[in-house]
Amino acid sequence: MRLSHDPLRISASFDDPNLVSRAGLVPVLALAERAGLHALTRRHVQITAKTGVSPEVKVACLVAGMAAGADSIDDMDLLRHGAMPDLFGGVRAPSTLGSFLRSFTWGNVRQLEAVSRELLAELARRTPLLPGAEILAFLDVDAMQRRVYGHQKQGAAFGHTKISGKTVLVRGLNTLAATVSTPQAAPVIAGTRLRGGSANTARGAASFTAEAIGTARAAGCAGTIVTRADSGLYCAAFTGACRRAGAHFSVTARMDPAVKAAIASIPGGAWTPIRYPRAIWDDQLRAWVSDAEAAEISYTAFASKKGQAMTARLIVRRVRDLNPEAAEGMGELFPVWRYHPVFTDSPFTMLQAGEQHRDHAVVEQVFADWTDGPMAHLPSGSFAANAAWLTLAAISGNLIRATGCLASPSHARARGATIRRDLIDVAARTARRGRGHLALPLPEYWHREAEWLSLFEAACGPPRAQAA
């Protein structure tokens, strides 16, 4: 393959005053405006510091920058490139936005979280964000340790995280997140909470989960809600919060003596062979697993805690532990199994409930989008500023997901980086038509034209036809 022109000439310079490098922000910000981002911010966020004036403008700038790929405060300068200030009013400098973030208190962060919750509900009403939510929805709660650097990060401490399948201690801040999804929809973010790096996974999770279930209900999840979590949330507070909020729970049980005794009491004939339609990678065996067995038994958990005992189903999946020395002639005397118990009150059958619980890993898609976007860094030394940054990342993530839903079915489930590449990072030029009318010529013969026009028409209304 070789270049068709020699030499290759670039028609536009980086300082072109008519260049708009991210024209896809037009429908994104139009959708945010129609969903009430400005109005919600004015109503909820009340900052007393001098640098906290006009919060609705600065919040919109931060959300737009994150949607365009900014992962630090300095990156917000991308909103001032070329003709971007002509296309978007109220663009603020990165230094102004940084001062605004540092003016947040914890109470202001909670106010911004209220904006995020109400905005998600409005987006769900205006876009096909959660199809099928009136029948079944899944709420996934999980924590993520984000590494931070420097000695002035408030709340930074060592906490456990997994890197390449190994649990290691990492100095950082701990992020608790709740996502809502359906069998037909990719996850959206129902709630976030920033905690100190040494926080236990279950700390504050009960109230956080109850709040997230309320957000899911407001977003149209009127049917069955199954709240899924890993063993870090295997506690009476979490399961009790789910039941009080009217949701079912499905949480990985720890292999404590009581759970081991319950598994040992399962009769040999109660195990049902299952075969996965797609093989699953097993970190302990370092191999692909396609066969397993499952059984269930009634189990009372947390019986040692006064007044907190809870009876539900214990669904156990067991996988044959292969002998790594079998190829050398070392056969096994008896089969050895590894057990994966799930404590749940799910209304579904054993095999359905077990398969649904394994899909809890969908929350990692949100974490991957975050680490590939705005959460690549926690940019401030102030804990409240970083908490506000996390909430703004959730707002931006939900807007990007709604943008994909309006563009095409394939973008509705695409990664955030894919939506940003295909629909937001679009180069265009500004042109004046008549008295103050601004036209936006887009690339010709562009392979994403149909999807972008569908998005634009849904968010802004049909574009005007150009005069001949």
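The values are calculated or read from the model by the stated rules, or taken from the named source; none is laboratory data. Since the model is a prediction, treat every value here as computed from it, not as a measurement. Quick reminder, even Gly has a Cβ in these numbers, built from the backbone with ideal geometry, and neighbours come from all protein chains shown. These accessible areas exclude ligands, DNA and RNA; they are computed on the full protein's heavy atoms, side chains included. Shrake-Rupley method; radii C 1.70, N 1.55, O 1.52, S 1.80 Å.
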Of 378, 351, 390, the only residue that is over 29 Å from residue 38 (Cβ atoms), in contact (Cβ under 8 Å) with a residue 24 or more places away in the chain and touching a strand residue (DSSP E or B) at 6+ places or on another chain (Cβ under 9 Å) is 351
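Could you pull out the residue among 203, 217, 195 that is open to solvent by less than 40 Å² (accessible area, probe 1.4 Å) and of a type in the set (Lys, Arg)?
Details: 203 fails: open to solvent by less than 40 Å² (accessible area, probe 1.4 Å); 217 fails: open to solvent by less than 40 Å² (accessible area, probe 1.4 Å).
Every option except 195 fails the conditions.
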Tally the residues that are without any contact (Cβ under 8 Å) to a residue 40 or more places away in the chain and over 23 Å from residue 123 (Cβ atoms), restricting the search to the stretch 192-231. 7
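Being in a helix (DSSP H, G or I) and not aliphatic (A, V, I, L, M) is the filter here; which residues of the stretch 381-402 pass it? Break it down stepwise before answering.
Our first condition is that a residue be in a helix (DSSP H, G or I); within the stretch 381-402, this holds for 383-402.
Within the stretch 381-402, 383, 386, 389, 391, 396, 397, 398, 401 qualify.
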Criterion violated by residue 378 - all others in (1) more than 18 Å from the chain's Cα centre (by Cα); (2) surrounded by 14 or more Cβ atoms within 10 Å (Cβ to Cβ); (3) not hydroxyl-bearing (Ser, Thr, Tyr); (4) not in a helix (DSSP H, G or I) satisfied: (1)
Looking only at the stretch 119-158, count every residue that is within 21 Å of the chain's Cα centre (by Cα) and in a strand (DSSP E or B) and tell me the total. 12
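Which of the following residues is crowded, with 24+ Cβ neighbours inside 10 Å, at pLDDT 95 or above and in contact with a helix residue (DSSP H, G or I) (Cβ under 6 Å, 6 or more places away or on another chain): 45, 59, 20?
Values: 45 fails: crowded, with 24+ Cβ neighbours inside 10 Å; 20 fails: at pLDDT 95 or above.
Only one candidate qualifies: 59.
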